[in-house]
1. Just grab the label-to-label distance for residue 33 and residue 108, each label 7 Å out from Cα along the Cβ direction, in nm (one decimal).
2. Could you rank 247, 86, 51, 275 by how accessible they are, 1.4 Å probe, largest area first?
3. Can you compute the label reach from residue 292? Point 7 Å from Cα along the Cβ direction, backbone N cut-off under 17 Å, restricted to the range 162-176.
4. For a quick protection proxy, order the peptides 172-178, 52-58 by their average other-Cβ count within 10 Å, most packed first.
5. What fraction of the Cα pairs in the range 178-218, stated in percent, has a spacing above 17 angstrom?
6. Once phi is turned into θ = phi - 60°, what whole-Hz ³J(HN,Hα) does the Karplus curve with 6.51, -1.76 and 1.60 give for every residue of the range 126-143, x standing for Gly and Pro?
7. Dipole magnitude of the chain about its Cα centre, charges +1 at Lys/Arg Cβ and -1 at Asp/Glu Cβ only, in debye to the nearest 20?
8. Give me the three principal axis extents of the range 1-136 from the C-alpha atoms, as integers in angstrom, largest value leading.
Amino acid sequence: MAGARQIVDPPAFTALPHGLWDSIQHPTPNGSHWQQGITWIERCPTGDTTYDECLSVTGTGAPAAPAAKTGNVDQTTRGATPFTVYAQFECSSVGVGDAATVGADALARVEQRQVETAFWTGVAGGQPVAFPHLAADAEVVDSQDIVLQPTASPVVTGGADVAHALGALEQSLATCYAGQGLIHVPRSALPTLAAWKLARLDDEGRLVTPGGNRIIAGTGYTGSGPDGVAAAAGTSWIYATGPAFGYRSDTYVSPVRESLNRATNTLHMLAERTYVIGFTCCLLAAHIALGVPTE
């Protein structure tokens, strides 16, 4: 009990910027069927060039006949599975009118971190059930031959300096996906990127690399490698993907009548929200050293 002291609201919560959900695409859902998971056709073209032998010259004579055109668009059926983030708390039935608001606020305070941890590790509810995710060293295919999880491809290992590692990561990303991709880094790596002048805000306030790829600085990103093992002290893993997209439900708050334990006159309030997140074409990894330049 507060006694003679006035009861006031605590400080408002503000989520950190440049998180996962705010950095990915949000297609408009067609109903709620997506909450059972989603499937899409991934098309990742490499492309090629050709010429007209009648109009072309080589500088040393007419060119040979061009090679026959061949298929150069990889098409893969991909899928993503749902997971749910929740916050549950107990409170006295006195002040029932505020319980729903408190529940939604409690969820908002942990939602970003929990979503990002699930997306990095693939773990939800203590089980490896969130697909796709970043730290993955094996492909997962379901019973319908749909790829739920691609394998992360390390392009730099051994804790390289971040300028070299990011350059290699972005080059591999450009080869895999020619448009703007995503660089996923834990918060612990941000000072290193800033010290090396490898992160800046664009004109719209988004965090990007010098090459123009968007940086997602996840509060829940763990820095672990593709095998799920924590990075050694002073190092971190970072990942690159093609563009990502996601769906999420409205926040569900349990009704008071379903939350009341009449034996103890206590409310067990639950607030939760379901997510599905996917990405396309690329999953690349690099192991970087943390710290400022020494020269």
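The values are calculated or read from the model by the stated rules, or taken from the named source; none is laboratory data. As the structure is a prediction and not an experimental result, all values here were calculated from the model. Every residue, glycine as well, gets a Cβ built from its backbone with ideal geometry; the counts of neighbours run over all protein chains shown. All accessible areas refer to the heavy atoms of the entire protein, side chains included, with ligands and DNA or RNA removed. Shrake-Rupley method; radii C 1.70, N 1.55, O 1.52, S 1.80 Å.
1. Between residue 33 and residue 108, the label points sit 3.3 nm apart.
2. Of 247, 86, 51, 275, the descending order of accessible area is 86, 51, 247, 275.
3. 162-163
4. Ranked by mean Cβ neighbours within 10 Å, highest first: 172-178, 52-58.
5. Numbers: 169 of 820 pairs.
Counting pairs separated by more than 17 Å, the tail of P(r) holds 21 percent.
6. The phi angles translate into x, 10, x, 10, 9, 10, x, 9, 7, 7, 9, 10, 8, 6, 10, 10, 8, 5 Hz.
7. Working: 15 positive and 26 negative charges, 131 e Å.
With only Lys, Arg, Asp and Glu charged at Cβ, the dipole is about 620 debye.
8. Projected onto the principal axes, the Cα atoms of the range 1-136 cover 98, 30, 30 Å.
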